[in-house]
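Written below as structure tokens is the structure these notes are about.
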Amino acid sequence: MAALLNLLQQQIDNDTIDRLSSVVGADRASTQKAVTAALPLLIGALSRNTRQGGAQSLDRALARDHDGTLLDNLSSLLGSASGGGGGLLSTLGGLAGSGLLGPKAVDGEGILGHLLGGKRRPVEAGVSKASGLDAAKVAKLLALLAPLVMSALGKVKRERNLNADGLTSLLDDERSTIEKETPAASPGGLFSLLDADDDGSIADDVARLGASLAGSGGLGSLFGKKK
């Protein structure tokens, strides 16, 4: 199992899926499908960006803003959010204000803008098709998942003492693992999917990816397991 996917698997168990579904206001099954479809896309986007000259910037961003603190406090954060008080976004904002986390560590919108750029809307549409969640709930879920993925990557970087080249290699391995698990989902791979010009085609490809993952015995069964 690739390191980043493995770490995310450990964190996003059945209890976490339940709490995420409560935060976004969706049923558990649809939330799990959306998470299964979205995480590979976010990891693929990270890999794509490092290959396009962004490895040094990512390395600096992780060292500065994403050291794993958010992931280490995930259970308590989600517990607080699901119990009320304005939701997870408000909870994260409070932590940023307290100094425990910097504002960029919880800026899901900013992370998504950087990773997906103009592909964000078609990616949301594809995750919506794959999961059955409406677009507004998918957008909220993606904004919650993006900081978690960055925190997980920052934790792996810190534990393995990775530099920019090491991050590129790690993310290449993660992307390859995903593509091997879902060879029929997108013939050109994640890079091709994210680079496609036709937004409608991207949405359809993301939906197929999500359906393929949900139906596979590999990555599709990763998220929502018991720890």
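Readers should treat all values here as calculations from the given coordinates under stated rules, not as data from a laboratory. Please read these numbers as outputs of a predicted model, since none were measured by experiment. Here the Cβ positions follow ideal geometry from the backbone for every residue, glycine too, while neighbour counts run over all protein chains shown.
Neighbour counts of other Cβ atoms within 10 Å put Glu181, Glu159 in the fewest-to-most order Glu159, Glu181.
Express in nm, to one decimal, how much length is gained between Asp27 and Glu159 on full extension, taking 0.36 nm for each residue of separation and deducting their alpha carbon distance.
Values: separation 132, 0.36 × 132 = 47.52 nm, distance 3.50 nm.
Gain in length upon complete extension: 44.0 nm.
Reachable aspartates and glutamates from Lys137, Cα under 13 Å, same-chain residues fewer than 8 places away excluded? Excluding near neighbours in sequence, the set is Asp27, Glu124.
What does the extension gain come out to for Ser176 and Ala136, with contour length at 0.36 nm per residue minus their alpha carbon separation?
Values: separation 40, 0.36 × 40 = 14.40 nm, distance 3.02 nm.
Gain on stretching Ser176 to Ala136: 11.4 nm.
Taking the Cα centroid of the stretch 1-65 and of the stretch 105-121, what is the distance between the two, rounded to the nearest whole Å? With the stretch 1-65 and the stretch 105-121 each reduced to a Cα centre, they are spaced 12 Å.
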